[in-house]
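Q: There's a structure below that I have some questions on.
The values are calculated or read from the model by the stated rules, or taken from the named source; none is laboratory data. The model shown is predicted, which means the values in this text are computed figures rather than measured ones. Glycine gets a Cβ as well: all are built from the backbone with ideal geometry, and neighbour counts include every protein chain shown. The accessibility values were calculated without ligands, DNA or RNA, using every heavy atom of the protein model including side chains. Shrake-Rupley method; radii C 1.70, N 1.55, O 1.52, S 1.80 Å.
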Amino acid sequence: MKKKLTNAGTNYKEYPGGSVKVKLLSGGWNLTNKIGAESNNSDRGFIAIWFDDSMSENIKAIESAISDCNFRPICLWKESFPETIMEKALGEIKKSRFIIVDLTGERPDVAFEAGFAHGLNMQVIYIYDKRRHKDLPKCFYAKHYQCHGYNGEDELKEIVKRLISSRIKK
């Protein structure tokens, strides 16, 4: 592990008791920048959304909008996989070109996924269901971005299509 990390552009130091300190050097930053660059060619759009049965029609509308824009929608709801859901979600976000973040229900895991995508310098599109939220959801960080409210699945689909078409170049 030490050799791999050192070769990847890090300063790796082990301490008594088993703790390790890894410092990213310029080569390491170049490596992390490649991760973002690879996702720029992706045909995937990740959907971060509350996994609740009441959201099933919203999920279908977002998936349809992403497909209509010639991207492949990635939503982990009702999927099975061997790793933890967080490992799977973060891996799929890394492979995606953009992320649609539905703040409906104000779920902390959805906000976490959005933050992770921002850390990868991805396009993040925020939406929320105005039928459930009179005002913007209270997620602190999302308030600093444009959050697009929708009233129903038809409007949701049109908003997502418009935002993808204007912000994500294929």
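So that you can scan it fast, the table gives a plain yes or no per residue for (1) modelled with pLDDT of 95 or more; (2) over 15 Å from MET122 (Cα atoms):
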site: ASN7; (1), (2): no, yes
site: LEU24; (1), (2): no, yes
site: GLU63; (1), (2): yes, yes
site: ILE93; (1), (2): yes, no
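Q: So in the range 131-144, with the set limited to residues that are touching a strand residue (DSSP E or B) at 6+ places or on another chain (Cβ under 7 Å) and open to solvent by less than 40 Å² (accessible area, probe 1.4 Å), which one is modelled with the highest pLDDT?
A: So the residue we want is ALA142.
Q: Cβ-Cβ under 9 Å, sequence separation 6+ or interchain: first residue in the range 145-163 and at positive phi, partner assigned to a helix (DSSP H, G or I) and open to solvent by 50 Å² or more (accessible area, probe 1.4 Å). Which pairs?
A: Here the result reads GLY152/GLU57, each pair linking the range 145-163 to a residue that is assigned to a helix (DSSP H, G or I) and open to solvent by 50 Å² or more (accessible area, probe 1.4 Å).
Q: Say we look at the range 107-130 and pick out the residues that are farther than 16 Å from ILE59 by Cα and not in a helix (DSSP H, G or I); which of these is most open to solvent (accessible area, probe 1.4 Å)? Can you show your working first?
A: Start the filter on the range 107-130 by keeping residues that are farther than 16 Å from ILE59 by Cα, which leaves 108-109, 111-124.
From what is left, the residues that are not in a helix (DSSP H, G or I) are 120-124.
Values: LEU120: 39, ASN121: 137, MET122: 19, GLN123: 72, VAL124: 9 Å².
It comes out as ASN121.
Q: Follow-up question, since we're still on this one. Taking the condition out of contact with any Pro (no Cβ under 7 Å at 6 or more places or on another chain), farther than 21 Å from SER42 by Cα and modelled with pLDDT of 95 or more, does GLU57 pass?
A: Yes.
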